[in-house]
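To start, the structure under review is shown below, and the notes come after it.
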Amino acid sequence: MNFFSAGSNSKLRIVHTRLMALLILVLLVISRNRIEGSVQEGLLDFAGLACVIVCAFGRLWCSVYIAGYKTFALVEFGPYSTTRNPLYLFSLIGAVGIGLASGSLVILVLLLLCFGLYYPSVILREEKDLTKLHGREFLSYMERVPRFFPKLSLYYEPETYPVKPKLLRRALLDASYFIWVFALVQLIEKLREAGIFPALFRIP
């Protein structure tokens with residue numbers, strides 16, 4: 001997520017994300033999709049957990065800079081000095097983590113496809129809003145900083161930065177969302193192994 005977006009767009013994006021998460025969880029409940037083999041499962045779970053942790057801490061890191069400022073300031077520090085959309089980047093990493101933890105190639109591809117179809121248009125719409133809000137300042141920022149994939153050589157952070165604890169606390173809860181989804185995916189698999197969730201069909 002960029003550092004500015006209209007409230008309605010933000011709420012709509014959250015609804016879409018949660019609906020997709022619900023769809024994926026339902027698919028996990030009614031299907032068998034784990035890659036068989038304890039070593040393979042362990043590696044996928046470890047890789048998935050690593051991605052989810054990077055996602056959670058990355059989103060929290062971004063929130064340190066934008067919590068309370070996204071509606072009136074152009075934030076160009078920290079993660080926003082290397083990419084214009086670090087929150088979306090970390091969300092993509094989290095989605096990959098959930099896909100890996102599911103053990104299903106179909107679910108991983110579905111998550112990536114949904115991200116690729118939905119978020120580019122969101123980013124373009126936000127760029128138009130930011131251009132209207134900040135004018136030449138944002139255009140200059142666009143010329144210097146990549147849209148999505150970070151350019152680490154541009155990294156800059158100030159010595160001090162004011163943080164609003166109340167808003168940061170909310171951001172912490174938001175950052176933990178991917179961790180809870182990961183835990184739920186693992187719980188569903190354990191319940192299936194125990195025979196509580198019988199698989200209706202199998203997907204790759």
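The values are calculated or read from the model by the stated rules, or taken from the named source; none is laboratory data. Quick caveat, the model's predicted, so the values are computed rather than measured. Ideal geometry is used to build each Cβ from the backbone, glycine not excepted, and the neighbour counts take in all protein chains shown.
Starting from residues that are hydroxyl-bearing (Ser, Thr, Tyr) and either closer than 20 Å to Tyr119 by Cα or under 22 Å from the mean Cα position of the chain (by Cα) (or both), keep the ones in the stretch 144-177 and report whichever is surrounded by the most Cβ atoms within 10 Å (Cβ to Cβ). Write out each step before concluding.
Narrowing the stretch 144-177 to residues hydroxyl-bearing (Ser, Thr, Tyr): 153, 155-156, 160-161, 176-177.
Within this subset, residues satisfying the condition of being either closer than 20 Å to Tyr119 by Cα or under 22 Å from the mean Cα position of the chain (by Cα) (or both) are 155, 176-177.
Numbers: Tyr155: 12, Ser176: 13, Tyr177: 19.
Looking at residues that are hydroxyl-bearing (Ser, Thr, Tyr) and either closer than 20 Å to Tyr119 by Cα or under 22 Å from the mean Cα position of the chain (by Cα) (or both), I get Tyr177.
Of all the numbered requirements in (1) assigned to a helix (DSSP H, G or I); (2) over 14 Å from Leu172 (Cα atoms); (3) at pLDDT below 90; (4) in contact with a helix residue (DSSP H, G or I) (Cβ under 6 Å, 6 or more places away or on another chain), Val96 misses one, and that requirement is (3).
What tally of residues in the stretch 69-93 results from selecting those that are under 17 Å from Pro158 (Cα atoms) and not in a helix (DSSP H, G or I)? Give the derivation first.
Filtering the stretch 69-93 down to residues under 17 Å from Pro158 (Cα atoms) leaves 69, 73-83.
Okay, now just the ones that are also not in a helix (DSSP H, G or I), so 69, 73-78, 82-83.
Going through the stretch 69-93 one residue at a time, the tally reaches 9.
Pairing residues of the stretch 151-168 that are among the small types (Gly, Ala, Ser) and at pLDDT 85 or above with residues that are surrounded by 12 or more Cβ atoms within 10 Å (Cβ to Cβ) and part of a loop (DSSP other than H, G, I, E, B), at Cβ distances under 9 Å and at least 6 apart in sequence or on separate chains, gives Ser153/Thr82.
Looking only at the stretch 100-126, count how many residues are of a type in the set (Gly, Ala, Ser) and either in a loop (DSSP other than H, G, I, E, B) or surrounded by fewer than 17 Cβ atoms within 10 Å (Cβ to Cβ) (or both).
Filtering the stretch 100-126 for residues of a type in the set (Gly, Ala, Ser) gives 101-104, 116, 121.
From what's left, either in a loop (DSSP other than H, G, I, E, B) or surrounded by fewer than 17 Cβ atoms within 10 Å (Cβ to Cβ) (or both): 103-104, 116, 121.
Residues in the stretch 100-126 being of a type in the set (Gly, Ala, Ser) and either in a loop (DSSP other than H, G, I, E, B) or surrounded by fewer than 17 Cβ atoms within 10 Å (Cβ to Cβ) (or both): 4 in total.
Of the listed requirements (1) of a type in the set (Ser, Thr, Tyr); (2) assigned to a loop (DSSP other than H, G, I, E, B); (3) closer than 22 Å to Ile98 by Cα, Thr160 misses just one: (3). Kindly indicate whether any position in the stretch 127-141 is crowded, with 17+ Cβ neighbours inside 10 Å and within 18 Å of the chain's Cα centre (by Cα). No: zero hits. Contact annotation: residue pairs with Cβ atoms under 7 Å, 6 or more positions apart or on different chains, pairing a residue in the stretch 112-130 that is under 19 Å from Phe90 (Cβ atoms) with a partner that is among the charged types (D, E, K, R) and in a helix (DSSP H, G or I), are Val122/Arg13.
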